[in-house]
Amino acid sequence: MKRFSIFLLTIIAVIGFSSCEHDDDVVFTAQPDAEGVSFTSAFSANYTLNSAASDNLAERFVWNEVDFGAPTTITYELQGSASQDFSSFDLIGSTSETNLGVTIGQMMSLAADAGLDNDPNTEAPNTGNIYFRVKAYAGNDGGNGLSETSEAAAITVTLPEQGEEEEPVKMNLFLVGNATAAGWDNNNNNTPLFRDSENNIFYYEGKFTAGDFKLLETRGMWQPQWGLSDGNLTNSDILGEDPQSFAVDTEAYYSFTVNTDEMTYSFETYDAADAAVYDKLGLVGAGTTVGWPGDDNPTPDILLTKSSFDPHIWYVEGVELSEDGIKFRANQAWDVNWGGGENFPSGQATGDDIIVSKAGTYNVWFNDLTGRYLFIEQTEE
């Protein structure tokens with residue numbers, strides 16, 4: 001019996017050794033991807049580069065996924081150049097993802113290399129082309145020589161001449177879905193998220209019902225559309241299809257934050273139980289058509305409409321503003337009021353007057369839970 005046991009163990013060991021040898025014989029050989037790599041995003045006809053917005057995102061470049069036929073890391077490099085032959089180029093960045101953002105400042109640097117400037121007194125043009133391409137390689141350092149490189153994409157840019165720079169139009173994000181006030185209607189006075197005064201960060205503290213929602217960049221248009229893919233923030237331009245919805249399990253107040261530069265978001269419950277609910281909320285000031293309250297005009301407020309879905313969200317359309325100070329206040333009195341200093345057209349109340357930096361006609365939104373406000377010039381919609 002003892003000899004049989006030893007014999008059996010020997011057989012098992014031989015089989016195991018043979019299996020290990022067989023596993024070691026499996027070799028994966030990386031091969032070039034027959035499809036190559038190319039940009040899948042649609043580019044604007046022209047990009048206006050304003051130095052005041054150099055940190056803002058100019059474009060998010062998106063490309064297809066490369067398959068080298070082996071279980072290896074794929075690294076993508078986005079390169080920018082002043083010349084189509086890429087005789088010299090800047091490395092914009094590297095990533096394992098299939099997209100990368102390019103700032104206005106990075107495009108301006110390439111424009112300078114291309115000989116463009118915004119000085120009307122020089123012979124140098126202020127409009128021309130810069131070029132981008134993406135390189136995909138196996139591994140992390142490109143040392144194995146296996147790579148694919150896209151064709152160069154020509155991007156037309158314009159540097160506004162000195163004295164002609166305009167404030168760039170900033171993106172907005174609007175709520176849509178059965179968890180929101182608008183329902184699944186893309187043109188139902190959809191509530192916007194409140195944009196940070198300096199960065200591409202959007203905030204919304206407010207009520208959501210149980211259901212789902214997404215984000216739209218333009219009311220009345222389903223594209224571009226923001227949502228999720230595998231739990232990560234994304235949009236339809238990146239995916240090439242509609243993203244998944246954000247899900248809300250329970251009706252409650254939530255704090256929702258979106259960073260479109262870093263492609264991150266957070267969604268957490270928000271305690272609004274003790275928040276005051278106001279009967280009226282108005283806009284006053286020298287920058288409005290009604291001016292400041294006085295003895296001869298004690299209650300001149302431009303009254304905002306309270307949302308029937310969330311009593312802390314207020315809005316009014318078609319407000320004419322001039323370049324001067326304005327404030328929000330509750331119940332046509334000064335007991336509770338909000339201002340924002342130099343932060344226009346979006347920001348959060350600090351107590352100072354909001355200084356209107358550009359005259360125009362605006363749609364106005366205000367959140368009395370946080371003091372965040374947003375002025376959307378009507379020509380933007």
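Have a look at the chain and give its Rg and Dmax from the Cα atoms, expressed in angstrom.
Over the chain's Cα set, Rg and Dmax evaluate to 28.0, 114 Å.
Given only helices, namely DSSP H runs of n ≥ 4 each adding -39500 (n - 2.57), what is the per-residue ellipticity at 222 nm of the chain, to the nearest 500 deg cm²/dmol?
Helix contribution divided over all residues of the chain: -3000 deg cm²/dmol.
What's the Kirkwood radius of region 199-259 in Å, using all Cα pairs?
Result for region 199-259, one decimal place: 12.4 Å.
Any idea which of Val277, Asn118, Gln79 is furthest toward the positive side of the dipole for the chain, if Lys and Arg beta-carbons carry +1 and Asp and Glu beta-carbons -1?
About the Cα centre, the residue reaching furthest to the positive side is Val277.
Calculate how steeply helix 2-24 sits against the longest principal axis of the alpha-carbon atoms of the chain, using the helix alpha-carbon long axis, and give the answer as 0 to 90 degrees to the nearest 10.
The angle comes out at about 60 degrees.
Below 15 Å Cα-Cα, how many Lys pairs turn up in the chain? Only count pairs eight or more apart in sequence, or on different chains, if you could.
4
Percent relative contact order of the chain, based on C-alpha pairs within less than 8 angstrom and at least six residues apart?
Once divided by the residue count of the chain, the mean separation gives 10 percent.
Sort Ile74, Ile326 by accessible area with a 1.4 Å probe, largest first.
Ile74, Ile326
Rounded to the nearest percent, how much of the accessible area of region 213-271 (1.4 Å probe, protein heavy atoms only) is carbon and sulfur?
Carbon and sulfur together cover 40 percent of it.
Rounded, prolate or oblate: which one fits region 296-381, using the alpha carbon gyration tensor with axes a ≥ b ≥ c (rounded when a/c is under 1.5, else prolate when a/b beats b/c, else oblate)?
rounded
Assign one of three labels to region 251-291, namely rounded, prolate or oblate, based on the Cα gyration tensor with a ≥ b ≥ c the square roots of its eigenvalues; rounded applies when a/c is under 1.5, prolate when it is not and a/b is larger than b/c, and oblate otherwise.
Oblate, since a/c reaches 1.5 and b/c is not below a/b.
What's the angle, to the nearest 10 degrees (0 to 90), between helix 104-113's Cα axis and the longest principal axis of the chain?
The angle comes out near 70 degrees.
If you filter region 200-259 for GluC sites (Glu not before Pro), then keep DSSP loop positions with at most 10 other Cβ within 10 Å, what is left?
Glu241
About the Cα centre of region 238-381, what is the dipole size in debye to 20, counting +1 per Lys and Arg Cβ and -1 per Asp and Glu Cβ, all else neutral?
It comes to approximately 320 debye.
By what distance, in whole Å, do the Cα atoms of region 90-218 stretch along each of the three principal axes, largest value first?
54, 50, 22
Just want the answer: with Cβ charges of +1 for Lys and Arg and -1 for Asp and Glu, which residue in Ser94, Trp226, Gly287 is farthest toward the dipole's positive end in the chain?
Farthest along the dipole direction, towards plus: Trp226.
Just how large is the dipole of the chain about the Cα centre, in debye to the nearest 20, putting +1 at every Lys and Arg Cβ and -1 at every Asp and Glu Cβ?
About 1080 debye.
If you take the charge dipole of the chain about its Cα centre, with +1 on Lys and Arg Cβ and -1 on Asp and Glu Cβ, which of Asn46, Gly360, Gly371 is farthest toward its positive end?
Positive-end residue among those listed: Gly371.
For Ile130, Ile201, what's the largest-to-smallest order of accessible area, 1.4 Å probe?
Largest accessible area first, the list is Ile201, Ile130.
Can you give the accessible area per residue of region 281-381, in Å², using a 1.4 Å probe?
I get 41 Å² per residue for this part.
Please work out, to two decimal places, the log10 of the ratio I(q)/I(0) at q = 0.16, 0.17, 0.24, 0.27 Å⁻¹ from a Debye calculation in which every Cα of region 155-224 carries one identical scatterer.
Taken in order of the listed q values, log10 I(q)/I(0) reads -0.65, -0.70, -1.05, -1.20.
The values are calculated or read from the model by the stated rules, or taken from the named source; none is laboratory data. This structure is a prediction, so every number in the text was calculated from the model and none was measured. Counting neighbours? That spans all protein chains shown, and the Cβs are built from the backbone with ideal geometry, glycine included. Keep in mind that these areas ignore ligands, DNA and RNA; they rest on the heavy atoms of the full protein, side chains included. Shrake-Rupley method; radii C 1.70, N 1.55, O 1.52, S 1.80 Å.
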